[in-house]
Structures are given as structure tokens and as C-alpha cells.
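To keep things clear, I will list the structure first and then write my remarks on it.
The values are calculated or read from the model by the stated rules, or taken from the named source; none is laboratory data. A quick note: this is a predicted structure, and the numbers were derived from the prediction, not measured. Neighbour counts run over all protein chains shown; Cβ positions are idealised from the backbone, glycine included. Accessible surface areas use protein heavy atoms only, side chains included; no ligands, DNA or RNA. Shrake-Rupley method; radii C 1.70, N 1.55, O 1.52, S 1.80 Å.
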Amino acid sequence: MEQLKLNIIRLFAMEEEEIYREIYRAILPLRAPIELIEVTGKSDINTLKQAVSKFSPDVVLLSIKKPEADFVHELEQIRMHYPKLGVILMLETCSSQDIQLLRKLALSGNGGMAFFMKQSISQIDRLCKAIPAVSQGQIILDQPLATFIFAEKPESQILKLFTPGS
């Protein structure tokens with residue numbers, strides 16, 4: 001029983017939209033090995049900092065409208081303090097200017113990262129597979145975002161190793 005508990009992935013979610021919060025509460029606890037610690041409707045960085053400090057999640061799921069520079073910078077700082085923390089970022093919109101922020105964020109910390117356009121997550125299985133992958137340090141790119149990210153020449157050698165996912 002002790003070993004089984006070690007494999008549980010502790011997830012904290014920040015989601016502004018009530019319908020998604022209810023979906024997370026209803027479905028994610030049914031999906032082993034995910035333990036949904038808490039879902040909040042707040043989307044500010046201070047709430048995230050407090051939750052990471054209080055709950056020590058393995059993965060945080062952050063649903064935001066678009067990557068704002070201040071938010072991304074603070075998220076980088078969190079990843080520096082909690083280097084194994086996995087982050088799943090679900091975006092409603094993303095411009096080519098936001099891609100630089102996402103590139104920098106992906107290179108901060110040692111934890112896994114996933115970047116998705118919210119409208120791309122039409123199947124819960126895709127999200128449920130991303131959570132364990134991110135907890136193991138993997139980086140997952142949604143196809144529309146991968147197209148933007150790799151449209152320009154990568155600035156880092158590590159980015160050259162990534163292939164866009166489907």
C-alpha cells in the first residue's frame with residue numbers, strides 16, 4: 001500500500017471557468033494515479049504561490065487567457081524555488097509575441113511542462129495522459145503552439161531536440 005501511494009501525482013488546478021472546474025472535480029479524481037488536491041477559481045500568482053507552498057503539488061494546472069509577462073516571470077521564480085514542479089499551461093489565446101515568454105518558461109526549472117491551447121483539449125484522456133508525463137519531467141507542446149515555437153530558428157540547443165506532438 002505504501003508503494004502505491006508513492007506513485008500518486010498530486011495536482012493543484014487554477015481555472016477561471018466554472019464548467020472546467022466542475023469537470024476537473026468530477027473526472028480527474030477517477031483517473032489513477034491523479035489526486036486532485038484543490039481546484040480554485042482564482043488565477044492570480046499569489047494564490048499559486050500559496051498553494052504550492054501549502055500543498056507541495058507535483059503538477060499545477062494553470063488555465064489562463066494569455067501568457068502575461070509578469071505572470072510568466074513569477075511562474076519562472078516559482079519553478080526556480082520548486083525545480084521539480086510540473087506545470088501544465090492551458091491558454092485561451094497566444095500570439096507570436098507570447099511565444100518568447102513560453103520558450104523562456106520552458107527552460108526554467110527541471111520539472112516537466114505542457115503548453116496547450118484550451119480549445120485543443122477536446123478529450124479528457126489527453127489531459128489525463130499529460131499530467132503523469134509532466135510529473136516525470138517531460139515537455140509537451142500542443143500542435144498549434146509547436147508550429148509557432150518552431151517557426152523561428154531555436155535559440156537554444158535543447159529546443160532543437162523537441163518534435164511537435166500531435
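Taking amide H as placed 1.01 Å from N in the peptide plane, Gly86 has its amide H under 5 Å from the amide H of Val59, Val60, Gly112, each at least 5 places away in sequence or on another chain.
The label point for Glu17 and the one for Arg126, both projected 7 Å from the Cα toward the Cβ, are 1.3 nm apart.
Charges at C-beta only: +1 for Lys and Arg, -1 for Asp and Glu. How large is the resulting dipole of region 54-135 about its Cα centre, in Debye rounded to 20?
Dipole size: approximately 160 debye.
Karplus-based coupling profile of region 91-100, in residue order and whole Hz: 10, 7, 9, 7, 9, 4, 5, 6, 4, 4, with θ = phi - 60° in 6.51 cos²θ - 1.76 cosθ + 1.60 and x standing for Gly or Pro.
Dipole of region 1-109, Cα-centred, from +1 at each Lys and Arg C-beta and -1 at each Asp and Glu C-beta, to the nearest 20 debye?
Values: 14 positive and 16 negative charges, 74 e Å.
Computed charge dipole of region 1-109: roughly 360 debye.
Could you please state how large a percent of the accessible area of region 40-118 is carbon and sulfur, counting protein chains only and using a 1.4 Å probe?
That share works out to 51 percent.
Once you reduce region 97-111 and region 30-78 to the center of their Cα atoms, the two points are 16 Å from each other. Full extension of the chain between Lys66 and Ala133 yields a length gain of 21.8 nm, computed as 0.36 nm times the residue separation minus the alpha carbon distance. Each residue of region 63-80 was assigned a 3J(HN,Hα) from its phi angle through the Karplus curve 6.51 cos²θ - 1.76 cosθ + 1.60 (θ = phi - 60°); the sequence is 9, 10, 5, 7, x, 8, 4, 4, 4, 5, 4, 5, 5, 4, 5, 4, 5, 5 Hz, with glycine and proline shown as x. Excluding ligands, DNA and RNA, the accessible surface per residue across region 2-127 is 51 Å² with a 1.4 Å probe.
Given region 1-155, report the % of alpha carbon pairs whose separation exceeds 18 Å.
Taking all Cα-Cα pairs of region 1-155, the fraction more than 18 Å apart is 55 percent.
Eigenvalues of the alpha-carbon gyration tensor of region 62-147, scaled by 5 and square-rooted, set the equivalent ellipsoid semi-axes at 18, 17, 10 angstrom, largest first.
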